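The structure appears below as structure tokens.
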Amino acid sequence: MVSRKSRQLEGYLNDMEFWAFDDETATASIKFKNRDTVLRLVCAKDLLRFRERDIRTLARHQIICRKDVMKVATKEFTRMVTSIINGKLWMGSMGKVDMKLSKAPGE
């Protein structure tokens with residue numbers, strides 16, 4: 001899951017090897033070349049926490065989906081990447097007031 005901290009450096013995904021939809025955890029997982037960690041995105045809205053360079057990095061990589069039945073869930077992530085690029089909605093594009101991905105009280 002993407003950290004609650006919304007301050008990420010530009011180029012966080014520079015050493016990204018691939019991203020895939022993990023049907024066992026129902027998350028999009030990003031594997032890095034030079035790190036042992038895997039970044040898991042629980043929902044497509046988590047992509048709003050990335051800066052422009054990283055969103056464009058994700059757009060250049062095809063997300064891997066092993067099971068046809070999970071392709072619908074996978075497309076949520078690719079559609080969100082496209083929407084972020086088209087709407088210029090990446091983190092930092094709105095100045096100092098960026099969107100927060102938290103639920104309002106009572107939701």
**Complete:** Flagged pairs (Cβ under 7 angstrom, 6 or more apart or on separate chains; first in region 10-26, without any contact (Cβ under 8 Å) to a residue 24 or more places away in the chain; second surrounded by 14 or more Cβ atoms within 10 Å (Cβ to Cβ)) are D15/F32; E17/K31; E17/F32; D22/S29; T25/R40
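Residues are listed down the side, and each one gets a yes or a no for (1) crowded, with 19+ Cβ neighbours inside 10 Å; (2) free of Cβ contacts under 8 Å to residues at least 60 places away in the same chain; (3) assigned to a helix (DSSP H, G or I):
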position	(1), (2), (3)
D36	no, yes, no
L48	yes, yes, yes
I84	yes, yes, yes
W90	yes, yes, no
**Item:** K31 being touching a residue at least 12 places away in the same chain (Cβ under 8 Å), surrounded by fewer than 19 Cβ atoms within 10 Å (Cβ to Cβ), assigned to a strand (DSSP E or B) and on the phi < 0 side of the Ramachandran plot
**Value:** yes
**Item:** Some residue of region 70-78 being at pLDDT below 95, surrounded by fewer than 19 Cβ atoms within 10 Å (Cβ to Cβ) and outside any helix (DSSP H, G or I)
**Value:** no
**Message:** Quick check on D23: is it surrounded by fewer than 18 Cβ atoms within 10 Å (Cβ to Cβ) and modelled with pLDDT of 90 or more?
**Reply:** no
**Prompt:** Scanning for something touching an Asp or Glu at 6+ places or on another chain (Cβ under 9 Å), at pLDDT 90 or above and surrounded by fewer than 14 Cβ atoms within 10 Å (Cβ to Cβ), does region 54-64 turn up at least one residue?
**Reply:** no
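The values are calculated or read from the model by the stated rules, or taken from the named source; none is laboratory data. All figures in this text were calculated on a predicted structure; none of them were measured in a lab. All Cβ positions, glycine included, derive from the backbone under ideal geometry; neighbour counts span all protein chains shown.
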